[in-house]
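The structure appears below as structure tokens.
Nothing in this text is a laboratory measurement; each read-out follows from the coordinates by a stated rule. In this text the structure is predicted, and so the values were computed from the model without any measurement. Neighbour counts run over all protein chains shown; Cβ positions are idealised from the backbone, glycine included.
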2 protein chains.
Amino acid sequence: MDLTHKFLANVSVDCVIFGFDFEKLNVVLVEREYDDPATGETIIRDYTLAGYHIFEDEDLDNAAYRILKDRTGLENIYLEQFATFGKTDRVAKEMDHLWLKVIDKGFADRVLTVGYFALIDSTKVKLFSHDSKIDWFPVDDALTMDLAFDHQEILQKALDTLRNKVRTEPIAFELLPECFTLTQLQNLYQAITGNIIDKRNFRKKKLQMPFIVPRTEKQDGVAHRPARLFHFDRNIFEQTRNERFGNLF
Amino acid sequence: MDLTHKFLANVSVDCVIFGFDFEKLNVVLVEREYDDPATGETIIRDYTLAGYHIFEDEDLDNAAYRILKDRTGLENIYLEQFATFGKTDRVAKEMDHLWLKVIDKGFADRVLTVGYFALIDSTKVKLFSHDSKIDWFPVDDALTMDLAFDHQEILQKALDTLRNKVRTEPIAFELLPECFTLTQLQNLYQAITGNIIDKRNFRKKKLQMPFIVPRTEKQDGVAHRPARLFHFDRNIFEQTRNERFGNLF
DNA sequence: GCAAAAGTGTTACCGGTACACCCATGC
DNA sequence: GCATGGGTGTACCGGTAACACTTTTGC
């Protein structure tokens with residue numbers, strides 16, 4: 001993390017980084033650990049979202065991109081601001097006060113944080129630890145994990161936003177590799193929304209969307225009949241957007 | 001405005017206060033005027049949204065409620081956070097720098113602002129001027145008025161959010177008096193979305209919504225057949241929410 | 001040959017849309 | 001009596017939902 005910039009003490013950004021492993025939805029969490037310097041006893045050990053304070057001369061959106069790149073190495077990623085959290089007691093837990101004290105970076109006790117969520121194709125991402133451990137966790141687990149600060153509330157809101165948005169905007173593809181099978185796409189929708197979907201109806205609907213285009217290749221290395229692959233064509237999507245006004249995905 | 005609190009220099013809240021006059025959608029704007037102290041010549045004269053910095057010991061949401069109450073006297077109003085604006089150049093115009101200098105209240109040049117929109121029944125509201133003039137403007141006009149700072153962008157985003165949300169949540173009623181006619185409701189939807197709606201289909205749909213309940217009173221003092229009045233029953237709405245999952249309004 | 005997932009059609013129902021005329025009231 | 005908005009019904013179309021079996025491949 002670049003520390004040559006001055007940051008705003010009262011404003012941070014937290015990124016909810018979502019990924020999909022073809023089975024369930026996952027989220028990136030960063031371990032927060034503090035051992036008593038005298039006894040060596042672990043006093044704090046829990047998880048936070050990927051976040052940092054915003055620099056004085058940095059656009060808000062860029063702060064989110066910076067954090068994302070810093071943790072995943074990725075650029076040109078789907079990233080969307082979804083809410084800002086500003087209760088006075090969002091740093092209320094004992095652990096949180098202690099943490100701010102021991103890291104001693106000049107962050108204020110009163111911090112508003114702007115939440116962004118990122119959708120990434122996690123099949124080929126390597127996460128960067130820097131000084132703290134970082135890893136993927138199933139979203140369902142993360143929601144019961146008692147995260148630092150108000151990060152559980154932030155995660156819940158990010159998930160709600162994603163669930164809503166996926167019904168009207170073609171953002172699910174951001175979580176898949178360039179080529180995907182219809183079953184993978186269906187599993188993704190099911191993982192996000194929690195509903196189960198009828199296979200035949202799902203395929204019928206997707207196959208008549210002109211921007212979901214079949215490829216000549218087939219799936220490879222699977223112990224069963226290989227599935228046809230598709231990709232999402234954004235150009236076709238944009239061109240046909242008006243005709244489809246009001247349709248859901 | 002209460003100045004005994006210390007505020008955060010880098011964070012403000014701006015409220016987009018929407019109202020409806022049974023014809024079109026309106027928004028509250030505050031005049032910003034500065035006359036050259038020597039010549040008396042008017043140097044700045046334009047409009048801003050209703051906003052202020054957030055106090056150190058104040059929840060973010062409460063800052064928005066405070067601003068709203070300060071300008072309208074109203075409490076228990078529909079108020080929703082919709083986005084946060086944090087470009088480094090959002091105070092880039094010459095007028096904006098000058099303004100911050102002449103009002104000299106200790107606001108920073110780098111300010112992130114959190115946007116809220118409010119929906120109020122404007123039929124019986126009296127706006128409070130304090131030291132600057134304040135008034136309702138048609139949203140369509142306001143969008144072409146070259147507002148202060150990035151307030152046009154904020155207004156546009158608020159409007160987009162309202163347009164979207166009104167399709168899936170029962171928030172339109174917040175802009176009407178307790179009792180309203182179906183024609184008023186239809187005009188409101190048309191004013192928000194810009195679409196024209198078929199009268200018979202609209203009424204058919206609304207009449208079968210159990211939470212839009214008829215009253216015994218009729219409209220009064222109109223030079224034509226008086227219309228039946230209705231009100232929105234939030235309890236019935238909440239009770240039947242699950243059955244109607246996925247329905248639009 | 002068997003396990004595992006891919007792939008495929010038909011029918012019924014419901015909600016949305018298009019469309020034109022008579023009614024009640026104030027003046 | 002006339003101007004003004006209030007109020008009503010029907011027919012068609014398209015999208016959604018329910019539902020079960022055959023096919024292809026790897027091992």
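Coupling constants for segment B:197-207 follow from the phi torsions by the Karplus curve (6.51 cos²θ - 1.76 cosθ + 1.60, θ = phi - 60°), and in residue order they are 10, 6, 4, 5, 5, 4, 5, 4, 5, 5, 5 Hz; glycine and proline get x.
Once you have a ≥ b ≥ c as the square roots of the Cα gyration tensor eigenvalues for the protein assembly as shown, tell me rounded if a/c is under 1.5, and otherwise prolate or oblate according to whether a/b is larger than b/c.
Numbers: a/c = 1.86, a/b = 1.12, b/c = 1.66.
It is oblate, given that a/c is not under 1.5 and a/b is not larger than b/c.
Take the cross-link list B:K165/B:K199; A:K105/B:K87; B:K69/B:K93; A:K124/B:K157; B:K87/B:K206 and give me the ones stretching past 32 Å between alpha-carbons. Please list the in-between numbers first.
Details: B:K165/B:K199 22 Å; A:K105/B:K87 24 Å; B:K69/B:K93 29 Å; A:K124/B:K157 35 Å; B:K87/B:K206 42 Å.
Long pairs (Cα-Cα over 32 Å): A:K124/B:K157; B:K87/B:K206.
Which longest run of chain A has no exposed loop site in it, a site being trypsin sites (Lys or Arg not before Pro) in a DSSP loop with at most 12 other beta carbons within 10 Å, and the site itself not part of the run?
Working: sites that count: A:K6, A:K105, A:K126, A:R241.
Counting at most 12 other Cβ atoms within 10 Å as exposed, the longest clean stretch of chain A is A:127-240.
Most simply put, segment B:7-165 has about 75% antiparallel DSSP beta bridges, counting only bridges with both residues inside it. Put simply, the amide H of B:I134, placed in the peptide plane, has neighbours under 5 Å in B:E31, leaving out anything fewer than 5 places away on its chain. Modelled spin-label separation between A:F202 and B:R203, with each label point placed 7 Å from Cα along the Cα-to-Cβ direction: 4.4 nm.
Cα gyration tensor of segment A:43-130, axes a ≥ b ≥ c as square roots of the eigenvalues: rounded (a/c below 1.5), prolate (a/b > b/c) or oblate?
It comes out prolate by the Cα gyration axes.
What GluC sites (Glu not before Pro) does segment A:133-199 have in DSSP loop regions with at most 14 other beta carbons within 10 Å?
Numbers: sites: A:E153, A:E174, A:E178; in loops: A:E178.
Passing both the DSSP loop test and the Cβ count: A:E178.
In chain B, Cα pairs under 8 Å separated by at least six residues give a relative contact order of 22 percent. Phi angles of segment B:36-47 translate, via the Karplus equation with coefficients 6.51, -1.76, 1.60 and θ = phi - 60°, into HN-Hα couplings of 4, x, 7, 8, x, 5, 7, 9, 10, 7, 8, 10 Hz per residue; Gly and Pro are given as x. Take the Cα of A:I236, go 7 Å toward its beta carbon, and the backbone nitrogen atoms of segment A:162-179 under 17 Å from that spot belong to A:170-174, A:178-179.
How high is the relative contact order of segment B:105-232, in percent, counting Cα pairs under 8 Å that sit 6 or more residues apart?
22 percent
Between segment B:163-191 and segment A:167-193, the C-alpha centres lie 34 angstrom from each other. Amide H contacts of B:Y47 (H built 1.01 Å from N, in plane; Pro and chain starts excluded): B:R32, B:A148 sit under 5 Å, all sequence-distant by 5 or more or on other chains.
Look at the Cα gyration tensor of segment B:1-81: its axes a ≥ b ≥ c give a/c of at least 1.5 with a/b at or below b/c, and that counts as oblate. Along segment B:141-154 the Karplus relation, 6.51 cos²θ - 1.76 cosθ + 1.60 evaluated at θ = phi - 60°, assigns HN-Hα couplings of 5, 4, 5, 10, 9, 6, 5, 5, 6, 9, 5, 5, 4, 5 Hz to successive residues, with x for each Gly and Pro. The modelled label-to-label distance between B:D57 and A:D131, using points 7 Å beyond Cα along the C-beta direction, is 3.3 nm.
Name the GluC sites (Glu not before Pro) in segment B:68-123 that are in a loop by DSSP and that have at most 14 other C-beta atoms within 10 Å, would you? Don't skip to the answer; put the middle values down first.
Working: sites: B:E75, B:E80, B:E94; in loops: B:E75.
Of the GluC sites (Glu not before Pro), the ones in loops of segment B:68-123 whose Cβ has at most 14 other Cβ atoms within 10 Å are B:E75.
Pairs of Cα atoms nearer than 8 Å and 6+ residues apart set the relative contact order; for segment A:15-91 it is 21 percent. Annotation for segment B:68-94 versus segment B:128-153: alpha-carbon center distance of 12 Å.
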